[in-house]
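To keep things clear, I will list the structure first and then write my remarks on it.
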Amino acid sequence: MPSTQVPSPGLPIIQAFFDEPTNTISYLVADPATRQAAVIDPVLDYDHRSGTVDVGSVDAILAAAAAEGFTIVWALETHAHADHLSGAPYIKAKTGAAIGIGEHIKDVQKIFRPLFNLAELRTDGSDFDRLFADGERFPLGELEFEVMHTPGHTPADIVYRIGDAAFVGDTLFMPDYGTARADFPGGDARTLYRSIRRLLSLPGETRLFLCHDYKAPGRDHYAWETTVAEQRAANVHVGAEAGEDEFVAMREARDATLAAPTLLLPSIQVNIRAGRFPEAESNGVHYLRVPVTAKPGAELALT
Ligand SMILES: [Fe+2]
């Protein structure tokens, strides 16, 4: 069930939607005055074993918006996700919402175009409707989003600030869980640390809404809302005591132990095109690609 928060004047209405298969939180954010709304980081249901997509998760958000009389005008991505496919194109098809992402998605497209040999992929970001620069502002009814570029997890991560809320994507997790990995192509632990420090220079009462939660050891429930003050005081990776070099050493050592996300390959090749699948082939079927590589000594297996 989504959780709803009733806002004070001038603040957005925020509903959170948790997708347990991918541990992702999507948000429906609305201006109470005009009922204009944005969806942040919508999830397309995707069963990789059967190659089947479904829209139950996005439909739940659309139904909540309809129940509240919201008009969805934005489908916003904090970054090109590597752990779930984006539901943004479906939202756009159903509502006409514009799809937005950080302008450095162009860098991410340039990184992955050769990896997937996507000759037809444009690397100018034009698959998206809007590319946001650091400091850019854009309206949501009578409210306004402000964008912060927060690279490190990927080169293109952005944070969407509105009222006293900030939607931080994979920049931070809950204080007891720490931070996101920084080892994807184009990611960088030192850059992530500096982005987090900038984020934690916002007013302490700023509410931070996370994109993922995995339950920290000892915590029996999912959580996705915290504050800048709580993160400064208690984040296990970047709290008060953590210096930059210490963080980089910890993050790089930890990342070296992490397996690739289950949906990494399908997610990236879809999400860098604003969530669109490759065109159907001559038999009418859409295909995703798997670049196959051999471990050292196993090259003969690919001949
Ligand atoms: Fe991510």
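The values are calculated or read from the model by the stated rules, or taken from the named source; none is laboratory data. What you see is a predicted model; the values in this text were computed from it and never measured. Counting neighbours? That spans all protein chains shown, and the Cβs are built from the backbone with ideal geometry, glycine included.
Residue-level check: of (1) within 16 Å of the ligand (Cβ to nearest atom); (2) in contact with a Leu (Cβ under 9 Å, 6 or more places away or on another chain); (3) assigned to a helix (DSSP H, G or I), E230 misses just (1). Whether a residue is among the β-branched types (V, I, T), over 21 Å from Q269 (Cβ atoms) and touching an Asp or Glu at 6+ places or on another chain (Cβ under 7 Å) was assessed, and T34 passes this test. Screening A65, A75, A30 for residues that are surrounded by 15 or more Cβ atoms within 10 Å (Cβ to Cβ) and within 12 Å of the chain's Cα centre (by Cα) leaves exactly one candidate, A75. For A216, state whether it is within 14 Å of the ligand (Cβ to nearest atom) and not in a strand (DSSP E or B). Judged against the criteria, A216 is not a match.
For the range 131-182, the strands (runs of 3 or more DSSP E) that sit wholly inside it and include 1 or more residues that are closer than 20 Å to E205 by Cβ and within 15 Å of the ligand (Cβ to nearest atom) are 158-162, 165-169.
For the range 255-264, the set of residues classified as at pLDDT 95 or above and surrounded by 15 or more Cβ atoms within 10 Å (Cβ to Cβ) consists of D255 only. The condition of being touching a strand residue (DSSP E or B) at 6+ places or on another chain (Cβ under 6 Å), without any contact (Cβ under 8 Å) to a residue 60 or more places away in the chain and surrounded by fewer than 23 Cβ atoms within 10 Å (Cβ to Cβ) holds for only one of R198, R207, R194, that being R207. One residue stands out in the range 105-119 among those that are in contact (Cβ under 8 Å) with a residue 12 or more places away in the chain and in a loop (DSSP other than H, G, I, E, B): the one that is farthest from the chain's Cα centre (by Cα), namely N117. Within the option set G297, G275, G284, being more than 29 Å from Q109 (Cβ to Cβ) and either surrounded by 10 or more Cβ atoms within 10 Å (Cβ to Cβ) or over 23 Å from the mean Cα position of the chain (by Cα) (or both) holds for one residue only, G297.
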